[in-house]
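Visitor: A single structure is presented below for examination.
The values are calculated or read from the model by the stated rules, or taken from the named source; none is laboratory data. In this text the structure is predicted, and so the values were computed from the model without any measurement. Neighbour counts run over all protein chains shown; Cβ positions are idealised from the backbone, glycine included. For the accessible areas, the whole protein counts, side chains as well, though only heavy atoms, and no ligand, DNA or RNA atoms are used. Shrake-Rupley method; radii C 1.70, N 1.55, O 1.52, S 1.80 Å.
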Amino acid sequence: AAQGTLDVLPNLPAFARQGLFAKPARLDVWVRLSNGGMDRASDRVPDVRGFSMRVLGVRGDSALGHGPAVSQDFALINQEVFAFPQSGEFVDFVVAASNGNGALLKFLIQRYGWLAGPARLLKLASTMTRPFRGFAAQAFFSAAPIACGAYAVRVRLLPAPSNGPAGKGADADWGGDFSRRLQQRSLHWELQLQPFVSEALTPIEDASVSWPTPYTTVARLTLPQQDTASKSGLFLAQQIEAAVFDPWQALAAHRPLGDVMRARKVVYYASQKGRSAV
């Protein structure tokens, strides 16, 4: 966990100059870094990595329609696209995987066929085992779209060159790598938006398709030098661990879009109730 600021840039194009990005501003941010697995595990275990931001001090209606928004959250992962076109297919995969490798292989063959099933498993495995460069050196993505006023966008967080190259052993201990870097200097990222242009090129409902449109930098994230192991750092970590980080905790101008995001609305809420997050 860490804290910092998000600086919204001036003179943005019309599609980006909406909601949170309507005018230049400096906003406080909480950052939560995590593994994607449902069980606690070593950083050495191949997994999806999550970079979540809670942007504080926003003003506007909530995406959930519950009055004013309390924050604008971004839940990003180190994969540019979602592994499956829609949520139902993903849930079926997870349920099969929970019953062991044999059940998973049987499910894939039944769903996709004798050739396509194992091929899909190999593709997923190669994605999961791709070396992780560490949170200071890796790009992160929303994978699914959100609104940007009357427009639709996907989000990318791009590390600044000043963060330095991938750290040796970061994939085995990304927590240690990140904390050491942050203890030594400030870290920086560019927050970028990628616009929707057409359902054929940039589909809203199929989260597995990579959008070909260019990214535009709309804000800069700065985490100032801080000690995550200090008394104040550990207290912040406790606060953030108990907090909600949810793409649906957002401004109405940035409401989540598409099948995967609609599923996340239900699942994230159940998770938050289960752990009494606030």
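Visitor: First compute the accessible area of the chain with a 1.4 Å probe, then give the percent of it belonging to carbon and sulfur atoms. Intermediate values should be presented prior to the final figure.
Guide: Values: 8010 of 13970 Å².
Roughly 57 percent of what the probe reaches on the chain is carbon or sulfur.
Visitor: If Lys and Arg each add +1 and Asp and Glu each add -1, what is the summed charge of the other residues whose beta carbon sits under 12 Å from the beta carbon of Leu104?
Guide: +2
Visitor: Identify which of the listed values of Cα Rg over 2.2 N^0.38 Å was calculated from the structure shown: [x] 1.23; [y] 0.95; [z] 1.01.
Guide: Looking at Cα Rg over 2.2 N^0.38 Å for this model, the match is [z].
Visitor: Tell me what the chain gives for mean residue ellipticity at 222 nm when only DSSP H runs of n ≥ 4 count, each as -39,500 (n - 2.57), the sum divided by the residue total, rounded to 500 deg cm²/dmol.
Guide: -8500 deg cm²/dmol
Visitor: Applying a 10 Å radius around every beta-carbon, put 60-66, 145-151 in order of their mean neighbour count, most first.
Guide: Sorting 60-66, 145-151 by mean packing, highest first, produces 145-151, 60-66.
Visitor: Heavy-atom accessible area per residue, the range 104-212, 1.4 Å probe: how many Å²?
Guide: On a per-residue basis, 48 Å².
Visitor: Let's see if you can work this out: charge +1 on each Lys and Arg Cβ, -1 on each Asp and Glu Cβ, no other charges. What is the dipole magnitude of the range 42-114 about its Cα centre, in debye to the nearest 20?
Guide: That gives the range 42-114 a dipole magnitude of about 100 debye.
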